[in-house]
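One structure is given here, and the rest of the page talks about it.
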Amino acid sequence: MDVKRDFLYRLSLVLTPPVYTILTRLLFATCRITENNREYWDRCSKAGPVISAFWHYGISYSIHLARGKQWVAMVSSSRDGEYIARILEWMGYETVRGSRTRGGLGALKKMMSRIREGINGAIVADGSQGPPRKVQAGAILLASRTGTPIIPMAWAADRHIRFNSWDRTILPKPFARISLWYGEPLEVPADLGSEEVEKYRVELEDRLNTAYSRAWNDFGKEEH
């Protein structure tokens with residue numbers, strides 16, 4: 001990377017978090033939000049830390065929802081992931097860096113440590129590279145090693161912008177209606193074998209996709 005490009009990249013890392021945070025706060029303040037099955041969240045969060053799992057397409061509202069609370073989140077160690085990490089840290093999250101192909105095990109161990117200390121965990125269930133809406137095993141291992149319930153979450157918007165990315169990321173338009181669904185919490189036993197990990201991975205995927213379908217069905221759609 002040449003000097004000019006490096007300077008612009010570093011400048012963008014400084015400017016993007018405050019600009020993004022301010023603009024999304026203003027945006028979501030105009031939206032009308034309906035929460036469904038909120039009792040799942042309330043019950044589990046009163047008992048101790050939770051792990052929030054959501055699909056990558058909906059990361060914008062998912063991270064906005066938990067702003068100002070104590071969370072630790074796993075973020076890709078890629079250059080693009082640096083933007084996400086800086087935004088999250090600006091919003092008050094702790095971050096650990098890693099992905100399925102680079103540093104993932106170390107990041108999981110750091111998350112486990114913080115969750116055991118009472119901090120909530122946030123994890124993008126289909127990872128930073130997909131495939132979309134296919135749960136990766138990290139969330140299951142995290143829950144198994146910490147004894148923390150996973151709460152599936154998915155949301156939809158009646159009016160939104162859809163980006164041409166691998167997961168078709170969406171951003172609500174101003175004054176959109178948002179339907180947020182919490183799925184039934186998933187309790188994962190300790191010391192799982194590989195077959196059991198797969199069993200719970202599929203179960204979490206089913207619960208996330210059920211919440212996803214319910215959210216989009218609220219607006220007469222099957223998917224985003």
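Just for the range 172-194: of the residues that are in a loop (DSSP other than H, G, I, E, B) and either charged (D, E, K, R) or at pLDDT below 95 (or both), which one is nearest to the chain's Cα centre (by Cα)? Don't jump to the end; show me each part of the working.
Within the range 172-194, the subset in a loop (DSSP other than H, G, I, E, B) is 173-176, 183-185, 187-193.
When the remaining residues are screened for being either charged (D, E, K, R) or at pLDDT below 95 (or both), the result is 173, 184, 187, 190-193.
Values: Lys173: 20, Glu184: 16, Glu187: 18, Ala190: 23, Asp191: 25, Leu192: 24, Gly193: 26 Å.
Top of the filtered list is Glu184.
On the basis of being polar (S, T, N, Q), closer than 27 Å to Tyr40 by Cα and either assigned to a strand (DSSP E or B) or at pLDDT below 95 (or both), does Ser165 make the cut? Taking the combined requirement at face value, the residue does not satisfy it. Exactly one of these conditions fails for Ser144: (1) out of contact with any strand residue (DSSP E or B) (no Cβ under 8 Å at 6 or more places or on another chain); (2) assigned to a loop (DSSP other than H, G, I, E, B). Give me its number. Evaluating Ser144 over (1) out of contact with any strand residue (DSSP E or B) (no Cβ under 8 Å at 6 or more places or on another chain); (2) assigned to a loop (DSSP other than H, G, I, E, B) leaves (2) as the failure. Which members of the range 190-224 meet the condition of being more than 30 Å from His160 (Cβ to Cβ) and either out of contact with any Gly (no Cβ under 9 Å at 6 or more places or on another chain) or in contact (Cβ under 8 Å) with a residue 60 or more places away in the chain (or both)? Of everything in the range 190-224, those that are more than 30 Å from His160 (Cβ to Cβ) and either out of contact with any Gly (no Cβ under 9 Å at 6 or more places or on another chain) or in contact (Cβ under 8 Å) with a residue 60 or more places away in the chain (or both) turn out to be Asp191, Leu192, Gly193, Ser194, Glu195, Glu196, Val197, Glu198, Lys199, Tyr200. For the range 207-224, the set of residues classified as part of a helix (DSSP H, G or I) and loosely packed, with under 15 Cβ neighbours inside 10 Å consists of Asn217 only. For the range 51-99, the strands (runs of 3 or more DSSP E) that sit wholly inside it and include 3 or more residues that are over 20 Å from Phe163 (Cβ atoms) and in contact (Cβ under 8 Å) with a residue 24 or more places away in the chain are 51-54, 71-75. Within the range 1-39, the residues that satisfy the criterion of being of a type in the set (Val, Ile, Thr), part of a helix (DSSP H, G or I) and either more than 14 Å from Trp90 (Cα to Cα) or out of contact with any Phe, Trp or Tyr (no Cβ under 6 Å at 6 or more places or on another chain) (or both) are Val3, Val14, Val19, Ile22, Thr24.
The single condition among (1) surrounded by 12 or more Cβ atoms within 10 Å (Cβ to Cβ); (2) at pLDDT 95 or above; (3) of a type in the set (D, E, K, R) that Glu89 does not satisfy is (2).
The values are calculated or read from the model by the stated rules, or taken from the named source; none is laboratory data. Here the structure is a predicted model, which is why all the values come from computation and not from measurement. Positions of Cβ are backbone-derived with ideal geometry, glycine not excepted, and every protein chain shown enters the neighbour counts.
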